[in-house]
Amino acid sequence: MEFPEGFENLIKEPRSFTRDLKFPAADKIRILDTTLRDGEQCPGVAFTPNQKLEIAKSLSAIGVHIIDLGFPGGSKSDEDAFDLILDAHRNGEISETTELLLTSRANRNDIDHILRVLLEKGLNPSEVTFFVFTSGSDLHVKYKLGKTLLKREGKSENALLDMPIEFFRNANIRMLTEIIELLKERGVESIEAGCGEDGSRADIDYIIELAQSAIKAGATRIAFADTIGVMTPQSVEFYFSRLRKAIGDIPLVTHCHDDFNLATINTITALGNGADIATCTVNGIGERAGNAALHSVVGALYALYNILIPRFDYERLNELSRLVENYSGIPLKVNEPIVGHNVYTHESGIHSAGMVIDYRIYGHVAPQLYGGKSRFIFGKHSGRNAVKHVLSQNSDILKNEEIMLDDDLVDRVLKHVKETREKNQREKSSERIIQRYYQVMDKLGINEDELIKIAVLVGRERGW
């Protein structure tokens, strides 16, 4: 409805608290989607090549700037997906302005394999970006990469416990920079250096040294990862402000995981402290608790920080979420922010009464902005106003059935709704739904017991 006072004069605008924060200009912020790599690492998720193609096309159509394709050729399925996406990129189904990112460890074998795949596809290495990463925290550098680094340096693996951290740090820098230099020699022009995995538990001075060494070797942008999702807005500010100062104008990528439900605010805080590229996945799918969710990051940036990313089609967020939900087999929470099935749905009598007046009484933005739709659902907490409102909107149907819409009908319908809901609860229909849900989730992958059964079956087939 039209408020004579003006809507803006009836509320305290949330953006008034964030307008003075220092963000990159909206047209400088870029979205890097890693649904096809990190997202597929979500337990039980395995996209087919055609599904990956459709997701990539949808990501390009909505306005995502960079699509992480992962490690092409790692399997027959990955190779087929890469072929399909590459063809779509060449024929315009995926915008030519959409950057394709290929991921590799700081490992010569990985690099050789990817370059060989590119050559077979007739693709110039300068047409794609390579994301090459290594570890950042001392825990990872010594105890995850330690044996690899010892071997590279001509040392015995038995020296792992005795060698000082400094040895592994220096060897790690040499490993990353040598790979970057190799990529440059092979004609790769765009290189994103991951500095480094588990960076959020690393010494900032070492991360800076790693990043500066990568840039000197030829990296064109730097990525910083909160690999296990332990960052807070305070630690984000600490790391990113210092890293930005140390690397100058080089693009800086933030990659946040959601182990404590902080990936969205951490990503936004990173953008306010030097990052200009935000890594997300559709629906936030990913390993453990997942990644920063695309819909939450771009939705909050607009609604709460007044950052409208140019040429990003916000109205397709709901459609994109449904696509990945169906392909992944991982359903969204019904109350998932922005794109959840029930996020614009109201049952409570108090809320429903307000929504009948104007959606802004119990909502800040129109659901249509994100491809959603306001609706009512009726149950234990429903009130007369919502029932009467919906019946009035469908009065033609009642009229055709020669049913008079009056207060008595409203009261009787409401009474029937409440009785039906209570009956369903007594019959424990909700419990059965939840049980079926987890049974289906378990079937998406192969659990440990099933793995043992497969091993026994395979062993018998081999005559053991």
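Structure data summary
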quantity	calculated
Hz values of 3J(HN,Hα) by residue in the range 313-323 - Karplus curve (6.51, -1.76, 1.60), Gly and Pro given as x	8, 4, 5, 9, 4, 5, 4, 5, 4, 5, 4
Amide H partners (placed H, <5 Å) of R30, local residues excluded	I277, A278
Estimated [θ] at 222 nm from DSSP helical runs (n ≥ 4, -39500 (n - 2.57)) normalised by residues in the chain, nearest 500	-14500 deg cm²/dmol
Using θ = phi - 60° and Karplus 6.51 cos²θ - 1.76 cosθ + 1.60, couplings along the range 30-47 (whole Hz; Gly, Pro as x)	10, 9, 10, 9, 10, 4, 6, 10, 4, x, 6, 7, 5, x, x, 8, 8, 6
Amide H partners (placed H, <5 Å) of S135, local residues excluded	E197
Net charge dipole size for the chain [Lys, Arg +1 and Asp, Glu -1 on Cβ; Debye, nearest 20]	660
Interchain or long-range residues, amide H under 5 Å from G70's placed H	T103
Over the range 299-349: Rg over Rh, Cα atoms, Kirkwood Rh	1.04
Whole-number percent relative contact order across the range 216-277, with pairs defined as alpha carbons under 8 Å at least 6 apart	44
Charge-dipole axis of the range 14-328 as Lys and Arg at +1 and Asp and Glu at -1 on Cβ define it, positive-most pick from Q51, T279, L161	L161
Extreme residue, positive dipole direction of the chain, given options L398, Q435, S296 (C-beta unit charges)	Q435
Spin-label pair D411/E2, simplified geometry with 7 Å Cα→Cβ offset, distance in nm	3.7
L451-E79 FRET efficiency (beta carbon distance; Förster radius 25 Å; 0.05 resolution)	0.45
Normalised contact order of the range 39-196, rounded percent, pairs of Cα under 8 Å and 6 or more residues apart	22
The range 174-278 - charge dipole about Cα centre, Lys and Arg +1 at Cβ, Asp and Glu -1, debye rounded to 20	240
D (Stokes-Einstein, µm²/s), Kirkwood Cα radius, the chain, 0.692 mPa s at 37 °C	131
Pairwise centroid distance, computed over Cα atoms, of the range 238-288 with the range 167-213, Å	18
Contact order normalised by residue count of the chain, Cα under 8 Å, 6+ apart, percent	15
Dipole of the chain [Lys/Arg +1, Asp/Glu -1 at C-beta], most positive-end residue of N261, L119, A214	N261
From phi via Karplus (6.51, -1.76, 1.60), per-residue ³J(HN,Hα) for the range 84-90 in Hz, x at Gly/Pro	5, 5, 4, 4, 5, 5, 6
Dipole moment magnitude, nearest 20 debye, the range 174-213 about Cα centre, only Lys, Arg, Asp, Glu C-beta charged	100
Diffusion constant of the range 16-154 at 10 °C, which comes from Stokes-Einstein with the Kirkwood Cα-pair radius and 1.306 mPa s, µm²/s	94
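Bear in mind that the values in this text are calculations on the coordinates, not laboratory data. What you see is a predicted model; the values in this text were computed from it and never measured. Cβ coordinates were reconstructed from backbone atoms using ideal geometry, including for glycine residues, and neighbour counts include every protein chain displayed.
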